[in-house]
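Encoded as structure tokens, the structure appears first; notes follow it.
None of the figures in this text is laboratory data; all of them are computed from the coordinates on show. For clarity, every value in this text was computed on a predicted model and none was experimentally measured. Note that we place each Cβ from the backbone using ideal geometry, even for glycine, and neighbour counts take in every protein chain shown.
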Amino acid sequence: MTTITDPTIGNWYKDVENDLTFKVVAIDESDDSIEVQYINGDISEYDKDTWYNSTFDYVEAPEDWSAAYGDVEADDLGYSDPDVHTKPDQENMNISDILDK
């Protein structure tokens, strides 16, 4: 079985033959290289011939994908809560600032 899926930056793949999960982090068209980062944090690189002759398959991002990165802030993961509401300053409040424009 050879890889039929194209590499896409940000997508996760599994090397079925070697049971390795990785994310494509960069693609350099000038030298046909595909840079990947394994779930343990290691970085590696494949050329396009190796990519298409390997047993890579697209997979969903693992639940614990950030474990290899140590102390990662929630904001760095894109999971910050956008529903934080603060009480407006009553003295400087202007109704036009609150209404949708």
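Give the residues of the stretch 49-63 that are free of Cβ contacts under 8 Å to residues at least 24 places away in the same chain and either within 13 Å of G10 (Cα to Cα) or not β-branched (V, I, T) (or both), sorted by residue number.
The first filter runs over the stretch 49-63 and keeps only residues free of Cβ contacts under 8 Å to residues at least 24 places away in the same chain, leaving 49-50, 63.
Listed by number, the residues that qualify are D49, E63.
Could you grab the pairs with beta carbons closer than 6 Å, sequence gap of 6+ or different chains, first residue in the stretch 5-19 and within 11 Å of Q37 (Cβ to Cβ), second one in a loop (DSSP other than H, G, I, E, B)?
Close Cβ pairs (under 6 Å, with a partner that is in a loop (DSSP other than H, G, I, E, B)) amount to W12/A61.
Could you list, in sequence order, the residues of the stretch 28-47 that are closer than 19 Å to T2 by Cβ and surrounded by 14 or more Cβ atoms within 10 Å (Cβ to Cβ)?
S33, I34, V36, Y46
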